[in-house]
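**Student:** My questions all concern the structure below.
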Amino acid sequence: MKIPLIRIDGQDPTTLSLINKRVIPVLHSGHFILGENVHALEKEIAAKVDARYAVAVASGSDALYLSLLALGIGPGDEVITTPFTFFATAGSIARAGATPVFVDIDPQTFNLDPGRIEKSVTRKTKAILPVHLFGLACDMNAIRRIARKRGLCVVEDAAQSFGATYEGRMTGSLGDAGCYSFYPTKNLGGAGDGGMVVTSSKRIAAKIRFLRDHGQTKKYHHEWVGLNSRLDELQAAVLRVKLGFIDKWNRQRRFHAAEYSKNFAALAIQTPVEVVGRSHAFHLYSILTPRRDELAASLAKNGIGAGIYYPLPLHLQPCFKKLRYKLGDFPVAERAGRQILSLPIYANLTAEERAQVIARVKNYFKKF
Ligand SMILES: *Cc1c(COP(=O)(O)O)cnc(C)c1O
């Protein structure tokens, strides 16, 4: 039995037939970009996450980049973020012309450690960019408290946490702007690239609407230099169907995670924490073990996919050499890079497959 790390083929027949019903009319309509499906998806997502506005863009990376631009962040500005995330988080800050300033993570949640943020605030700091990594919300009260005190914006990277909550509110709706990715492997994944910014600021929403379409405020009148970052109708049609299932799918992910953690309790591994008041969306189920590489090899031998998110923290990436960080600067993130391993988790993981993963992990640790 082969159990892949991620399964995005073989959608269940109900979802597929609903998607078919929505997609075919788009092909007939001849309206392919920023049409009725995109507008409806924006309304539906804004309602779902309880934000006033939602603006669809071409990717999660662009959602971050455009949010920073809309907040007026650019050259000479600093943005505080985590070194332990997908590259796009810091990449978007650099693309905006600003400087990413990294702060180490919490060893249990793998999210920005709020206790370390304030020391890194300078006169140039304009924003904090927390990432709800693997689907677990950051300590947003602490982050917002610092932001308020120091006059900073908060842009949430909620690419991995669609549907995750913090004190009853949806991640993405807790800062000045929140960014989702619809990359196919994400919890709410399309059939291609896509992204969305949500905000309760009319000004930020309007600015991103212009910027995503070359900064034109009316036809052939360009108030700013924007870019082409539009969402297409086919993606929106697919996503509208999937949005209807996201809560169920996230519940299924949470159930699998609880079963894993229960069964791994006696093993010498660190399992994902659940924090009171935060509902984890389990985009990934990631464990920590010093025997990571050997465990991964043993699982691979038995047909079980496992992945490393992320092996090299962003402060050590070659493209950020000029920021002059070095090995040892963020020991918690660096250790996570060496020890983290993600196991198969998706809504349609079967009980049998889950049992197989558990058995193989337990079997590997038996000899210690
Ligand atoms: C996937 C991801 C992004 C980027 O999203 P894309 O849609 O792939 O551009 C940004 N941040 C994090 C944390 C992600 O996981």
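**Student:** Which number do you get for Rg(Cα) / (2.2 N^0.38 Å) in the range 157-244?
**Tutor:** For the range 157-244, the normalised Cα radius of gyration comes out at 1.18.
**Student:** Taking one equal scatterer on every alpha-carbon of the range 215-368, how large is log10 of I(q)/I(0) by Debye at q = 0.09, 0.15, 0.20, 0.21 1/Å?
**Tutor:** The Debye formula, applied to the Cα set alone, gives -0.46, -0.94, -1.21, -1.26.
**Student:** Hey, another quick one. How much length is gained on full extension from Phe32 to Thr15, taking 0.36 nm per residue of separation minus their Cα-Cα distance?
**Tutor:** Extending this stretch completely gives an extra 4.0 nm.
**Student:** Please report, in whole Å, how far the alpha carbons of the chain spread along each principal axis, starting with the longest.
**Tutor:** Cα spread of the chain along its principal axes, largest to smallest: 69, 53, 36 Å.
**Student:** For the modelled label position 7 Å from the Cα of Lys366 along Cα-to-Cβ, which residues of the range 253-288 have backbone nitrogen atoms closer than 20 Å?
**Tutor:** The answer is 260-269.
**Student:** Once phi is turned into θ = phi - 60°, what whole-Hz ³J(HN,Hα) does the Karplus curve with 6.51, -1.76 and 1.60 give for every residue of the range 354-367, x standing for Gly and Pro?
**Tutor:** So the J values, rounded to whole Hz, are 4, 4, 5, 4, 4, 4, 5, 5, 4, 4, 5, 7, 4, 6.
**Student:** Have a look at Ala56, His39, Leu5 and report the one farthest towards the positive end of the charge dipole of the range 1-113, computed about the Cα centre with Cβ charges (Lys/Arg +1, Asp/Glu -1).
**Tutor:** So the residue furthest toward the plus end is His39.
**Student:** Can you work out the base-10 log of I(q)/I(0) for the range 31-109 at q = 0.12, 0.22, 0.25 1/Å, using the Debye formula on its C-alpha atoms alone?
**Tutor:** Results for the range 31-109 at q = 0.12, 0.22, 0.25 Å⁻¹ read -0.47, -1.00, -1.08.
**Student:** Can you tell me the length gained on complete extension of the stretch Ile6 to Asn348, counting 0.36 nm per residue apart and subtracting the Cα distance?
**Tutor:** 122.1 nm
**Student:** Could you quote the convex hull projected area for the range 209-289, Cα atoms only and averaged over all directions, in nm²?
**Tutor:** About 9.2 nm², averaged over all directions.
**Student:** Going 7 Å from the Cα of Ala359 along its beta-carbon direction, which residues of the range 1-44 have the amide nitrogen within less than 14 Å of the resulting point?
**Tutor:** The answer is 1-3, whose backbone nitrogens lie closer than 14 Å to the label point.
**Student:** Can you tell which of Pro13, Pro331, Pro130 shows the greatest fluctuation in a Gaussian network model of the chain with Cα springs below 10 Å?
**Tutor:** Ranking Pro13, Pro331, Pro130 by mean-square fluctuation puts Pro13 first.
**Student:** Please report, for the Cα atoms of the range 96-239, the Rg to one decimal and the Dmax as a whole number; what are they, in angstrom?
**Tutor:** Radius of gyration, then largest Cα-Cα span, for the range 96-239: 16.5, 51 Å.
**Student:** How long is the gain from Asn302 to Lys43 if the chain were fully straight, where each residue apart is worth 0.36 nm and the alpha carbon distance is subtracted?
**Tutor:** Using 0.36 nm per residue and subtracting the Cα-Cα distance, I get 88.7 nm.
**Student:** Right, here's the next one. Kindly provide the Kirkwood hydrodynamic radius of the range 54-160 in Å, to one decimal, from all pairs of distinct alpha carbon atoms.
**Tutor:** 13.6 Å
Every number here is computed from the coordinates shown, using simple stated rules; none is lab data. Since this is a predicted model, take the numbers as computed values, not measurements. When we count neighbours, we look across all protein chains shown, and the Cβ atoms used for this are built from the backbone with ideal geometry, even at glycine.
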